Structure formats: C-alpha cells, structure tokens
Amino acid sequence: MEDNNDNSDKSRINSLFSKYNRNRRNRPLPVLKTDKDLEAEGLARLSIDLPNFQVTDEADRPLTSSPSTSEIAHAFVSRTEGAPAPAFHRPKLDEHGGFANRHSIGFDVPGAVHTIVTPKLKTERQIDSKLVVVMVGLPARGKSYIVKKLRRYLNWLQYETKVFNVGNLRRVNKASQQLDQSANFFDPDNKDGNKIRDELAIMVLDQLIDWLRTGGRVAIHDATNSTIQRRKLLIDRLQQEPDIKVLILESVCTDKTVLERNFRLKLSGPDYKDKDPAKALSDFRHRVANYERAYEPVGDWEEDHDIQYCKLVNVGKKVIAYNISGYLSGQCIFYLMNFNLAERQIFVTRHGESEDNITGRIGGDAPLSAKGRKFSKALARFVKERRIAFALDLARRKIQEEKESKDPLKDSDDEEQESEQEHKEEKKVRATAEAISNSQFTIWTSMLKRSMETAQSFDPDEYDIKHIRFLNEINSGSREGMTYEEIKSQFPTEFQARQDNKLYYRYPGMGGESYLDVIHRLQSMIIELERMNQSCLIVTHRVVLRILLGYLLEWSQTQMPHMLVPIHTVYELRPKPYGVELTSWCYDEEADDFKELKDDTTQE
C-alpha cells in the first residue's frame with residue numbers, strides 16, 4: 001500500500017514539473033523597457049498610491065523641492081472631506097518629455113569611476129557636483145578643528161577641498177577694523193557690528209563660490225552662522241548656483257572640561273595674542289555670552305525647508321543627521337561619525353630590510369634579511385620606551401590641567417611648591433602613567449612576510465597584533481620582482497609615464513595598482529585609525545606609508561607620491577587639537593638604537 005502511495009506522489013511531481021517546463025518554454029522573453037516606459041509606470045503607481053494632486057507648471061519654491069510631510073497629510077485629509085487637491089509642483093521636463101537634471105557626477109571616485117559626459121550633458125545641471133559645508137556653532141566649540149580634519153580627509157580622497165574662514169577676513173577688513181573688536185562688536189544689539197559681520201559672511205561666500213567655479217569640489221564656510229537669519233542669507237545666495245549642494249554642519253559642546261581648555265587655547269589665537277591673559281579670557285567669555293543670547297540651534301527651520309544637516313555633539317559622541325543625500329555629503333557624515341579627541345601615539349614605519357631590498361626588486365614576498373631581523377628586535381624595545389615616556393608626559397599634563405581648571409588664570413610655574421606637595425604629585429603622576437602605559441596598544445602589519453616578521457619581536461600577550469591585507473604594498477602587476485633599472489631599460493615609455501604621474505599611473509598586468517587604487521583600499525583603515533582611541537604601531541611598505549603619512553600630515557597630491565620614507569625610519573605622530581605633532585626616528589645599526597632626526601629630509 002505504501003509503495004502505491006509513493007508511485008502516486010512521484011507521478012504528481014513529474015506532472016507538475018512537465019507543466020512548469022511547458023509554461024516556461026511558451027513564456028515570452030522579457031522586453032527591455034525604455035526610460036519613458038519606466039517613468040509612465042512610475043507615474044501610474046503614484047496615481048494609485050497617492051491622492052490625485054493638482055499639477056502646475058509654476059516655478060519651484062526657493063527652499064523646497066518636494067512636499068513636506070504636513071502637506072501630504074493635509075492632502076489626504078482634504079481628499080476625504082471632498083476639498084480640492086492641493087497644488088504641488090511638477091518636475092521640469094526636457095524637450096523630449098523626460099525628466100531634466102537627472103545626471104549626477106557626485107559619485108566620481110577619482111581613479112576608480114569615470115562618468116561619460118556628452119556635449120548635451122555639459123549644458124545640463126550636474127546634481128551633487130559641488131558641495132558647500134556651512135558650519136554652525138558657538139565660539140570655542142571645535143568648529144575649526146572639525147573643518148581642518150574634514151578638509152584633510154577629503155583632499156586625501158582627491159576631492160579638492162578648501163576652508164574659507166570669516167574670522168580671518170574680519171581681522172583684515174578695513175570697515176571691520178574701524179570698530180572696536182572687543183566683545184561689544186559681537187553684541188546682538190550692536191546693529192553696526194551685525195551688519196558688518198553679515199557682509200563679511202557674504203563676501204567670504206562669494207570667494208568660496210568663485211573658487212568652486214574654477215574647479216574646486218568641496219568648500220567649507222567656517223563661521224558661527226548661529227542665527228536662522230544668517231543661515232537663510234547664505235542659503236538664498238547658494239541657491240542661485242544650480243550645481244551646488246549644501247550641508248549644514250553644527251558643532252555642539254557640552255563638556256565643561258573641553259570648553260575650558262578651548263577657551264584657554266583662544267588666548268593664543270590672533271584675537272588675543274600678546275594681551276593680558278586675565279583681560280583676554282574675560283573678554284572672550286563676554287563674547288561667547290553675546291553669541292549665546294542670539295543663538296538659534298540647527299533643527300526645526302532646516303527640517304521645515306528640507307535642508308540637509310548634521311549635528312555633532314561633543315565631537316562625535318552623539319550625531320544627528322537629517323535628509324543626507326548625495327555621495328559627497330554621505331562621505332562627510334560617515335567620516336565625522338568616526339573620530340575622537342583621545343590623546344595617543346601613532347607609530348608608522350616600513351618593514352625591516354628584506355632580501356629583495358638588498359637586490360632592489362619591487363613587490364614579491366621575501367623574508368627579512370639579518371639586518372631586518374635586528375631592526376625588528378630594536379623596534380620592540382624602542383616602542384616600549386616611547387610608550388613609557390608618553391605616559392609620563394600625558395599624566396603630568398592631565399594633573400596640570402586639573403589644577404588649572406580650578407584656577408584657570410593661576411600660573412603654577414611661578415609659584416614655589418612645598419616638597420611634600422611635590423612628592424604627592426609625583427606619586428600621582430607615576431600611578432597615572434602606569435595605568436596609561438598598561439592600556440591597550442595595537443599593532444597592524446600587512447600580510448606579507450617582511451611586514452609580519454618585523455612584528456614578531458612584540459609579545460602578543462602584551463600587544464593586540466593584527467595582520468591586515470589592506471596594508472599590503474602596491475601590486476606591481478606584471479612588473480613584480482623586477483628592479484626599477486630593468487623596467488627603465490625594458491619598458492622606457494612606461495617607466496617615464498610613471499615618473500610623469502605617479503598618482504594615476506597603474507602598473508600593467510593582472511592586479512596592477514595605482515596610488516589612487518591604494519588610497520581607496522586604505523580608506524577603511526583611515527576610518528578605523530580615527531575611530532580607535534588607543535595608541536598603535538603600523539608596519540607596512542613604502543607606497544602605503546607615503547599614503548598614510550600623506551593623510552596624517554596633510555601632504556598635497558603632488559607631494560605625497562614623491563616623499564622620501566627611508567627604510568628603518570620610524571615616524572611618531574601625536575594628534576592634537578591644532579594639528580599633528582611629528583617626531584622622526586632613524587635606526588642606528590651600530591648603536592642598535594634609534595636617534596631623533598632633526599632635519600626635514602622627506603622630499604625627494
């Protein structure tokens with residue numbers, strides 16, 4: 001009986017498969033639809049899913065390109081009550097009936113994406129081709145710190161970026177300098193001061209727009225822009241430029257310790273340099289108080305007008321983003337979500353000498369030479385020593401900052417300390433330093449033998465060691481294993497092409513890369529480097545080291561491929577609010593130790 005049931009089931013299954021195959025053979029192949037077909041279907045779906053809005057050919061509203069949520073909700077209510085449908089604006093069509101302005105060149109990753117531009121497209125508006133970042137925030141909230149880091153990152157990605165600071169123009173503008181530049185100048189009730197500051201903001205905006213017209217990609221308007229009236233003034237002007245997208249970026253700081261440190265940093269700035277510290281600090285506090293009286297945070301007004309914005313609280317501890325669209329805007333927000341203010345050391349170096357280094361051959365996966373292994377052992381000792389020195393220095397500064405926060409204007413260097421108090425402080429310094437030096441320390445190497453072997457002298461129980469393929473040397477394609485002299489003699493035209501444009505030149509053959517290709521594969525490493533708050537050592541290769549230092553030290557795209565980064569040289573970097581401190585160390589094989597390099601010899 002069971003056998004009969006099994007046969008019956010098999011017959012039904014075979015029947016179903018036969019029917020499926022007959023239908024499949026008789027089914028016509030799908031027809032490739034044109035853009036007009038897809039647009040017609042899209043409009044048909046909209047007519048089903050949404051109320052029948054009245055369509056007009058009126059000019060676009062100045063600040064809104066699409067109906068707001070409240071307008072759509074009102075349309076549904078009106079429809080149910082029998083009221084006429086509200087009028088919305090129809091997207092403009094070109095002469096062929098298609099939607100105009102739908103080509104975007106925003107996603108044009110240099111060296112990786114090529115956009116086909118026809119003569120017709122050159123006359124059309126190019127969506128997202130330029131970006132203006134409008135900064136917002138009270139004084140001493142880290143705006144300049146943020147824009148410098150953003151400029152560095154975007155320039156490193158090869159999007160030409162420039163910061164335009166309104167304060168710099170105010171300090172040299174004749175009309176501005178005729179007025180008192182104390183806190184009273186920034187009083188919201190000071191009509192003359194307000195007028196001049198608005199005029200300066202527009203002047204800087206015009207400079208910014210002129211620069212974008214000459215080929216720039218991202219321009220940053222660095223000012224407080226702390227009122228809705230000021231932001232509307234800027235946006236109204238920018239809307240006259242059809243290819244410019246606007247991103248408002250607000251920096252908020254609620255950390256009192258950070259604020260106090262920022263206030264003190266302002267005393268060494270151009271507005272207060274060489275002035276009495278007590279009077280300067282008092283004046284700056286009054287300036288901030290004046291701004292606070294008129295301050296209008298980014299939020300409701302921008303959302304009502306559908307303007308994209310990002311609000312950074314305490315340098316990325318909290319991030320609020322609204323209506324972010326476009327590739328460049330997305331890149332900015334992604335980066336801004338991944339950095340911090342932690343003080344740390346970043347060591348970067350090439351691997352120890354390899355057997356291929358001795359013969360001058362590029363690429364490959366050769367092991368270390370005897371000299372390279374000696375460097376590896378010395379590097380482990382050196383990093384340990386520098387970690388202890390850094391921990392002591394950081395501990396002393398932390399204790400000094402605690403004292404200054406209690407009495408900001410007290411100059412402790414001018415006061416004698418009792419021996420008992422000094423002893424207590426030194427004991428505290430040692431305890432703090434020990435905690436810092438025992439904190440996590442990360443080591444990154446590539447996955448090539450010469451890099452991994454350089455890190456073998458580090459204790460994996462003490463160090464977090466990771467081998468990362470992204471850090472591998474540039475792939476030389478079919479030229480792997482050759483010397484530069486062999487390439488020059490056998491492929492002179494190719495050798496010269498690389499010399500003429502090392503940034504864009506790509507090695508021929510399977511897997512061959514250019515500097516730009518390596519930049520793009522290192523992008524995730526830069527983001528991780530910004531995100532992590534512990535110190536680290538990166539052991540990599542010449543091209544990768546140039547690119548990493550190009551980011552950290554903000555080398556230009558013309559400098560970076562030609563910078564000297566000798567083997568057995570260690571670069572120690574310390575990120576600071578005002579930039580990056582660099583100390584270079586060279587390995588002395590005879591002394592089996594490292595010596596500090598005083599001269600800048602990084603240019604070829």
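The values are calculated or read from the model by the stated rules, or taken from the named source; none is laboratory data. The model shown is predicted, which means the values in this text are computed figures rather than measured ones. Every residue, glycine as well, gets a Cβ built from its backbone with ideal geometry; the counts of neighbours run over all protein chains shown. Only protein heavy atoms, including side chains, enter the accessible area calculation; ligands, DNA and RNA are left aside. Shrake-Rupley method; radii C 1.70, N 1.55, O 1.52, S 1.80 Å.
In this structure, is residue 428 modelled with pLDDT under 75, farther than 23 Å from residue 544 by Cβ and within 36 Å of the chain's Cα centre (by Cα)? Give the steps one after another, and end with the answer.
On the way: modelled with pLDDT under 75: yes; farther than 23 Å from residue 544 by Cβ: yes; within 36 Å of the chain's Cα centre (by Cα): no.
No: the conditions fail for residue 428.
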### Task
Mind listing whichever residues of the range 568-585 are of a type in the set (Gly, Ala, Ser) and at pLDDT 90 or above?
584
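Listed residues 506, 546; which is of a type in the set (Lys, Arg), open to solvent by 50 Å² or more (accessible area, probe 1.4 Å) and in contact with a helix residue (DSSP H, G or I) (Cβ under 9 Å, 6 or more places away or on another chain)?
Details: 546 fails: open to solvent by 50 Å² or more (accessible area, probe 1.4 Å).
506 is the lone residue from the list that is of a type in the set (Lys, Arg), open to solvent by 50 Å² or more (accessible area, probe 1.4 Å) and in contact with a helix residue (DSSP H, G or I) (Cβ under 9 Å, 6 or more places away or on another chain).
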### Message
Condition check: within 28 Å of residue 488 (Cβ to Cβ), in the same structural domain as residue 478 (by the TED database), part of a helix (DSSP H, G or I) and charged (D, E, K, R). Does residue 546 satisfy that?
### Response
yes
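Give the residue, chosen from 285, 293, 264, that is buried (at least 17 other Cβ atoms within 10 Å of the Cβ) and on the phi < 0 side of the Ramachandran plot.
Values: 285 fails: buried (at least 17 other Cβ atoms within 10 Å of the Cβ); 293 fails: buried (at least 17 other Cβ atoms within 10 Å of the Cβ).
Just a single option satisfies the conditions, and that option is 264.
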### Query
Which of the residues spanning the range 151-163 are touching a strand residue (DSSP E or B) at 6+ places or on another chain (Cβ under 6 Å), open to solvent by less than 20 Å² (accessible area, probe 1.4 Å) and among the hydrophobic types (A, V, I, L, M, F, W, C)?
154
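Taking the conditions exactly as written (open to solvent by 40 Å² or more (accessible area, probe 1.4 Å), touching a residue at least 12 places away in the same chain (Cβ under 8 Å), within 24 Å of residue 576 (Cβ to Cβ) and not assigned by the TED database to the domain that holds residue 548), does residue 141 satisfy them or not?
Details: open to solvent by 40 Å² or more (accessible area, probe 1.4 Å): no; touching a residue at least 12 places away in the same chain (Cβ under 8 Å): yes; within 24 Å of residue 576 (Cβ to Cβ): yes; not assigned by the TED database to the domain that holds residue 548: yes.
Here the answer is no, as residue 141 does not meet what is asked.
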### Query
Is there any pair with a first residue in the range 486-500 that is in the same structural domain as residue 361 (by the TED database) and among the aromatic types (Phe, Trp, Tyr) and a second that is part of a helix (DSSP H, G or I) and loosely packed, with under 15 Cβ neighbours inside 10 Å whose Cβ atoms are under 8 Å apart and which are 6 or more apart or on different chains, and what are they?
495/484
#### Entry: Within the range 327-351, considering residues that are over 15 Å from the mean Cα position of the chain (by Cα) and of a type outside the set (A, V, I, L, M, F, W, C), the one surrounded by the fewest Cβ atoms within 10 Å (Cβ to Cβ)
343
### Query
Inside the range 274-385, counting only strands (runs of 3 or more DSSP E) that do not spill past its ends, which hold 1 or more residues that are assigned by the TED database to the domain that holds residue 398?
346-350
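Step by step: first the residues of the range 247-260, then only those that are under 24 Å from the mean Cα position of the chain (by Cα) and in a helix (DSSP H, G or I), then the one that is farthest from residue 400 (Cα to Cα). Which residue is that? Spell out how you get there, then give the answer.
If we filter the range 247-260 for residues that are under 24 Å from the mean Cα position of the chain (by Cα), which is where we start, we get 247-255, 258-259.
If we keep only those that are in a helix (DSSP H, G or I) as well, we get 258-259.
Details: 258: 14, 259: 16 Å.
Among those that are under 24 Å from the mean Cα position of the chain (by Cα) and in a helix (DSSP H, G or I), it is 259.
Out of 572, 530, 590, 554, I need the residue that is buried (at least 18 other Cβ atoms within 10 Å of the Cβ) and part of a loop (DSSP other than H, G, I, E, B). Which one?
On the way: 572 fails: part of a loop (DSSP other than H, G, I, E, B); 530 fails: part of a loop (DSSP other than H, G, I, E, B); 590 fails: buried (at least 18 other Cβ atoms within 10 Å of the Cβ).
Just a single option satisfies the conditions, and that option is 554.
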### Message
Checking the structure you have, find out if any residue of the range 475-492 is open to solvent by 50 Å² or more (accessible area, probe 1.4 Å) and within 17 Å of residue 448 (Cβ to Cβ).
### Response
yes
### Message
Testing residue 278 on (1) touching a Pro at 6+ places or on another chain (Cβ under 8 Å); (2) touching a residue at least 60 places away in the same chain (Cβ under 8 Å), one condition comes back false. Which one is that?
### Response
(1)
